[in-house]
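Read-outs throughout are calculated quantities, based only on the coordinates presented, and are distinct from any laboratory measurement. Note that this is a predicted model, so its numbers are computed, not measured. Counting neighbours? That spans all protein chains shown, and the Cβs are built from the backbone with ideal geometry, glycine included.
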Amino acid sequence: MYLEHVNSPEDVRALPASALPTLADEVRAAIIERTSAIGGHTGSNLATVELTIALHRVFETPHDKIVFDVSHQSYAHKMLTGRAAAFLDPARYAEASGFSNPGESEHDLFSMGHTSTSISLACGLASARDLAGETYDVVAVIGDGSLSGGLAFEGLDNAVELGSGLIIVVNDNEWSIAPNRGGIYRSLADLRATQGASEHNVFRALGLDYRYLEDGHDVAALEVALSELRGTDHPVVLHVHTEKGHGYAPAAANPEGWHHAVPFDVATGAVRPGAAAHPADENYANVTGALLADWMQTDPRVVAVNAATPYIMGFSPELRERAGRRFVDVGIAEEHAVSYVTGLARAGARPVLGIYATFLQRAYDQLWHDLCLNGVPATILVFGASAFGTTDVTHLGFFDIPMLGSMPGLTYLAPTCIEEYLDMLSWSIEHEGGPVAIRVPVAGGVTSRPEFARSDDYTHGWEVLRKGSQIALLALGDFLPLGEKIADALAVNDVSATLVNPRLATTPDKDLLGRLAADHRVIVTLEDGILDGGFGERCARALAAGDVRTLCYGLPRAFVDRYDPAELLARCGITVEGVAGDALGALGA
């Protein structure tokens with residue numbers, strides 16, 4: 001076995017060429033085995049095994065610089081740079097994150113998990129090299145799916161202007177997360193069909209030098225192609241054709257489903273019992289797709305929009321086909337998605353954009369300058385905004401409330417259960433008074449509360465669920481079950497607490513707060529998001545002129561990495577015992 005003896009890229013370069021196919025097989029087997037146990041980005045990593053081996057045969061990191069876009073394809077890189085044990089030994093799987101991480105290795109230049117950034121980062125590295133009078137190669141490795149992001153175009157355009165030595169490897173496996181969307185992919189298809197000879201060459205049109213390699217799994221051919229580019233004094237694109245999921249039949253047969261796999265049986269590819277097919281909001285995804293599909297049958301204005309992750313809003317390939325032009329996947333282009341739905345809404349459509357919170361951050365300016373400034377009626381469904389969402393530091397989604405709370409005219413709703421979510425979604429589609437965002441619940445999975453109180457206008461007003469005295473609990477969104485447990489714990493201590501479902505993540509109900517402050521001594525806010533600029537802070541500001549004690553509970557403004565959600569909440573004092581004890585203590589103060 002070669003892989004277990006690879007401790008650095010020098011060991012890869014020392015191997016005879018005859019050993020490389022076996023090394024590739026071992027790396028691929030390790031990817032499959034590890035992701036079968038703990039999940040991970042299976043298909044994209046299987047596509048770049050030979051490419052990564054060739055990169056480390058030709059270039060000498062960390063002296064030379066390699067930037068993996070998104071780092072969905074960095075597993076092989078990690079194995080070849082001293083971290084093989086984290087893929088071979090189940091007891092050490094947690095030692096390596098799923099994305100590039102400078103804290104793990106000097107061979108990783110950036111922490112990164114969002115797409116389309118590698119070329120811009122590489123441009124900066126190349127410019128700094130030139131300014132310092134140094135000589136080393138800079139390589140950006142970017143997937144074809146990432147080319148749909150606007151930042152990739154900006155990087156390509158600037159690379160030409162800089163005119164510096166830069167190698168851009170385009171790993172073309174013909175897929176984004178879902179099928180590729182956008183005109184650039186017609187050019188890529190022509191280039192594949194003509195072995196790079198097509199006159200429809202987007203890279204040459206921009207002014208870039210260009211090379212093509214058809215078999216991206218021929219490590220010897222890759223090594224030759226990269227060797228020819230080493231030391232280049234100008235920007236050049238090496239377009240490499242690979243297969244997503246290469247070497248594992250289930251992944252190759254279903255590239256979309258195997259982009260990010262949950263634990264599975266290696267022999268069959270079947271999901272292991274108890275492993276969710278998608279993240280914790282899966283059931284919300286299914287009901288979202290079903291509701292929107294029904295709306296489309298009766299309201300021709302409704303359009304569902306997504307940025308390359310259609311499964312989060314329940315649009316399976318079958319449902320996408322049924323929706324036809326009423327479902328639009330804009331590719332990995334979150335900024336465009338927000339401006340696009342703004343245009344749809346201005347022209348009379350009723351767009352619903354489904355997007356992960358961590359990716360919505362990429363469209364801050366479009367939210368501010370396009371959607372909210374124009375006040376158009378569009379709906380944004382924000383998925384994964386929770387401590388119980390993705391826990392990798394590159395994909396944190398719980399910074400959403402301060403971000404969206406800074407947007408004038410935007411109503412941000414936080415439903416507490418599946419019934420309330422569906423009612424809010426239906427209301428938002430018909431709402432004429434400006435944009436609406438809905439924080440799709442995550443914590444605790446799907447909660448049912450059929451007796452929830454409907455509202456004819458969710459832009460204002462909170463729901464009081466229990467009336468008590470002395471202590472009031474404001475439990476936002478999917479923290480309502482936590483609030484119920486805290487109220488029960490207080491009742492054991494003969495304190496009958498008022499329990500409120502705020503419904504609005506960024507807008508205090510000042511009238512209700514005033515009444516609560518008049519007949520309660522302590523008010524507690526609970527939110528599944530960061531405290532700084534969050535829901536609790538807004539409530540505390542509204543209460544500042546009174547005498548009521550206000551205790552705010554939420555998450556830290558910090559980049560926490562691969563944490564256990566329950567442990568993180570406990571560190572923040574967010575437990576039933578902790579909050580109840582603090583509230584009782586404040587009551588007695």
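Quick notes
- Exposure proxy shown here: for MET79, MET296, the number of other Cβ atoms within 10 Å sets the order, fewest to most, as MET296, MET79.
- Look at the dipole of the chain built from charges on Cβ: of TYR340, GLY149, ALA261, the Cα furthest out on the positive end belongs to TYR340.
- Dipole magnitude (debye, nearest 20) for the range 268-389, charges at Cβ of Lys, Arg, Asp, Glu: 200
- Once the Cα atoms are used to define both axes, helix 118-131 deviates from the longest principal axis of the chain by about 60 degrees.
- 5 angstrom amide H check on ILE380, placed H, neighbours 5+ away: LEU353, VAL436, ALA437, ILE438
- Working from Cα pairs under 8 Å separated by at least six residues, relative contact order for the range 111-201 is 30 percent.
- Put a plus charge on the Cβ of each Lys and Arg, a minus charge on the Cβ of each Asp and Glu, and nothing anywhere else: the dipole of the range 463-588 about its Cα centre is then about 320 debye.
- Full-extension gain in nm, GLU567 to HIS63, via 0.36 nm per residue minus C-alpha separation: 177.6 nm
- Per-residue ³J(HN,Hα) for the range 485-493, Karplus 6.51 cos²θ - 1.76 cosθ + 1.60, θ = phi - 60°, Hz, x for Gly and Pro: 5, 5, 4, 5, 5, 5, 4, 4, 9
- Long-range lysine pairs (8 or more apart or interchain), the chain, Cα under 24 Å: 4
- Entry note, the range 282-439: relative contact order of 22 percent, from Cα contacts under 8 Å with a spacing of 6+ residues.
- Ratio of Rg to Rh over the range 195-298 (Cα coordinates, Kirkwood Rh, two decimals): 1.17
- Relative contact order, percent, the range 463-588 [alpha-carbon distance under 8 Å, six or more residues apart]: 27
- A simple spin-label model places pseudo-atoms 7 Å from Cα toward Cβ; at VAL160 and THR232 they are separated by 1.5 nm.
- Each part reduced to its alpha carbon centroid, the range 363-417 and the range 9-23 end up 47 Å apart.
- Using a simple spin-label model with pseudo-atoms 7 Å out from Cα toward Cβ, ALA205 and ALA267 lie 5.1 nm apart.
- Cα gyration tensor, the range 282-439 - rounded (a/c under 1.5), prolate or oblate: rounded
- Placing R0 at 51 angstrom, the Cβ-Cβ distance between ARG13 and ALA290 gives a FRET efficiency of 0.40 after rounding to 0.05.
- Relative to the longest principal axis of the Cα atoms of the chain, the long axis of helix 150-162 makes an angle of roughly 40 degrees.
- For GLY529, residues with placed amide H under 5 Å, excluding near neighbours: LEU555
- Helix-only mean residue ellipticity at 222 nm for the chain, each DSSP H run of n ≥ 4 adding -39500 (n - 2.57), per residue, nearest 500: -10500 deg cm²/dmol
- With Cα atoms, 0 to 90° folded angle of helix 576-588 axis to the chain main axis: 40
- Spacing of the modelled spin labels on SER496 and ARG325, each 7 Å from Cα toward Cβ, amounts to 6.1 nm.
- Alpha-carbon Debye profile of the chain, log10 I(q)/I(0) at 0.11 Å⁻¹: -1.04
- Rounded to the nearest 20, the Cβ-based charge dipole of the range 123-220 about its Cα centre (Lys and Arg +1, Asp and Glu -1) stands at 200 debye.
- Over all pairs of different C-alpha atoms in the range 463-588, the reciprocal of the mean inverse distance, the Kirkwood hydrodynamic radius, equals 14.4 Å.
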